[in-house]
Amino acid sequence: MSIINKAAAIGGGVIGAGWVARLLLNGIDVSIFDPDPEASRKVGEVMKGARRAYKQMLPGGLPKEGKLTFAKTIAEAVADADFIQESVPERLDLKHKVLAEIDAHAPANAIVGSSTSGIKPTDMQVAMKKHPERLVVGHPFNPVYLLPLVEIVGGEQTFPEAIEVAKELYASIGMKPVVVRKEIEAFVGDRLLEAAWREALWLVKDGICNVEELDDIMRYSFGLRWAQMGMFQVYRVAGGEAGMRHFMAQFGPCLKWPWTKLMDVPEFNDELVDLIATQSDEQAHGLSIRELEKIRDDNLVAIMDALSKQNKGKGWGAGALHKDYTRQLAKLAAKKASAKVTAKPAKKAAKPAKAAKPAKAVKVEKPAKAVKVEKPAKAVKAEKPKKKSGKKKG
Ligand SMILES: NC(=O)c1ccc[n+]([C@@H]2O[C@H](COP(=O)([O-])OP(=O)(O)OC[C@H]3O[C@@H](n4cnc5c(N)ncnc54)[C@H](O)[C@@H]3O)[C@@H](O)[C@H]2O)c1
């Protein structure tokens, strides 16, 4: 059950709308601010896709959705939120402006998560003059309403308690929080993706393969392996009975062979963009982005569902979490159903069901308190640089 009482989403593009969908489908009320006049339509499109995907996960019915409100200002959006997720474009000056505003108007005990793909939280929280200690990076993966991982990263001023609370908050909406041990640009996921992306651009630019062939090479082979075991466990198995040591002995020396151009970046110019975009258009065979999103979502639900049945029915990897998450949502949906039955005689009697909400709010007290600890604040602040000496590395 979620421990978030009221959420705010600042930015409702690809990622912000994905957060909104996950939160609403967990029955949480969300207030959103996005200056784009098209924001409501765009969020609506993402909600449609998310509902469609969740219906496949929950054939017995969805929980009662939270209420979505479009706010006119950031101040209005965050005023009574206990969890705020910032998802504005990836520019440090904009992140500063938006985070300063969030910080000025949000309740002191609210947790602020940033969706940034690679900016260090230390570099963002300098703009938060009141409570920088409650900022964490909560880096998700698209589509946020289906992919469970969220990388949590704290900055130099982030309280350890805030990280703990953030872990609980994200986990309560079906996510898998992984705390990144040292602050570094692009964290872990995007470090890996960026390396693969650079190499892929080289391979296409040099005419070794086109974008479709490269995607086939991934999705018919190691892409399937990665979804269920990741890199290291897959290689452990690839080492045969002797496991990882044998694998490393065999392939370690290759690191010095001319296999990779990872240290160089292909020149980013119109020619490269045209080459990739033209091949990508051909690969799509006329399917629109929304159609491709549907295919992606169906496949992701099917993969997680298949993984949820593995490991003697306990589920494996993302499948084990998927199993728990769908159970949690089904329980929430059942609550809605029983509330409806009780309410049947008179429509207005449905209200008591809503009154169940304070239960959530009570739970939230715990996180709230943890972050509130005003006194230790200074002590923690003073100690922090010592603790996180590795930080400058990134
Ligand atoms: N797209 C991805 O795959 C992905 C994945 C993980 C994280 N991220 C990160 O998420 C964040 C958002 O990326 P996106 O892909 O959703 O971008 P996007 O361009 O799709 O959406 C950004 C939204 O922010 C809105 N916006 C602009 N200025 C604003 C302001 N002052 N206040 C509120 N909203 C404002 C825009 O109108 C737009 O709707 C970035 O930090 C990005 O690095 C992106």
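The values are calculated or read from the model by the stated rules, or taken from the named source; none is laboratory data. All figures in this text were calculated on a predicted structure; none of them were measured in a lab. Don't worry about glycine lacking a Cβ; one is built from the backbone with ideal geometry, like all the others, and counts go over all protein chains shown.
Couple of notes before you dig in:
- Condition check for Ile163: in contact with a strand residue (DSSP E or B) (Cβ under 9 Å, 6 or more places away or on another chain) and assigned to a loop (DSSP other than H, G, I, E, B): no
- Counted residues, region 102-150 - those being part of a helix (DSSP H, G or I) and surrounded by 20 or more Cβ atoms within 10 Å (Cβ to Cβ): 9
- Residues satisfying the stated conditions in region 20-42, i.e. assigned to a helix (DSSP H, G or I) and more than 9 Å from the ligand (Cβ to nearest atom): Val20, Ala21, Arg22, Leu23, Leu24, Leu25, Ser40, Arg41
- Residues that are on the phi < 0 side of the Ramachandran plot, more than 9 Å from the ligand (Cβ to nearest atom), surrounded by 19 or more Cβ atoms within 10 Å (Cβ to Cβ) and at pLDDT 95 or above do occur in region 85-92.
- From Ile74, Ile163, Ile152, residue being in the same structural domain as Ile32 (by TED's automatic domain parsing) and within 10 Å of the ligand (Cβ to nearest atom): Ile74
- Residues of region 1-19 that are within 9 Å of the ligand (Cβ to nearest atom), crowded, with 23+ Cβ neighbours inside 10 Å and in a loop (DSSP other than H, G, I, E, B): Gly11, Gly12.
- Against the conditions (1) modelled with pLDDT of 95 or more; (2) surrounded by 14 or more Cβ atoms within 10 Å (Cβ to Cβ), Gly223 satisfies every one except (2).
- All positions within region 43-86 that are closer than 18 Å to Gly13 by Cα and part of a strand (DSSP E or B): Leu68, Thr69, Phe70, Ile84, Gln85, Glu86
- Members of region 245-263 that are within 24 Å of Val204 (Cβ to Cβ) and either without any contact (Cβ under 8 Å) to a residue 40 or more places away in the chain or exposed (fewer than 10 other Cβ atoms within 10 Å of the Cβ) (or both): Cys254, Leu255, Trp257, Pro258, Trp259, Met263
- Neighbours by Cβ (under 6 Å, 6+ apart or cross-chain): first from region 194-216, of a type in the set (Gly, Ala, Ser); second in a helix (DSSP H, G or I): Ala200/Leu214
- 2 or more residues among the hydroxyl-bearing types (Ser, Thr, Tyr) and in the same structural domain as Leu224 (by TED's automatic domain parsing): qualifying helices (runs of 4 or more DSSP H) within region 234-331: 270-283
- Taking region 176-193 as the range and being without any contact (Cβ under 8 Å) to a residue 60 or more places away in the chain and within 16 Å of the ligand (Cβ to nearest atom) as the test, the residues that pass are Pro177, Val178, Val180, Val188, Gly189, Arg191, Leu192, Leu193.
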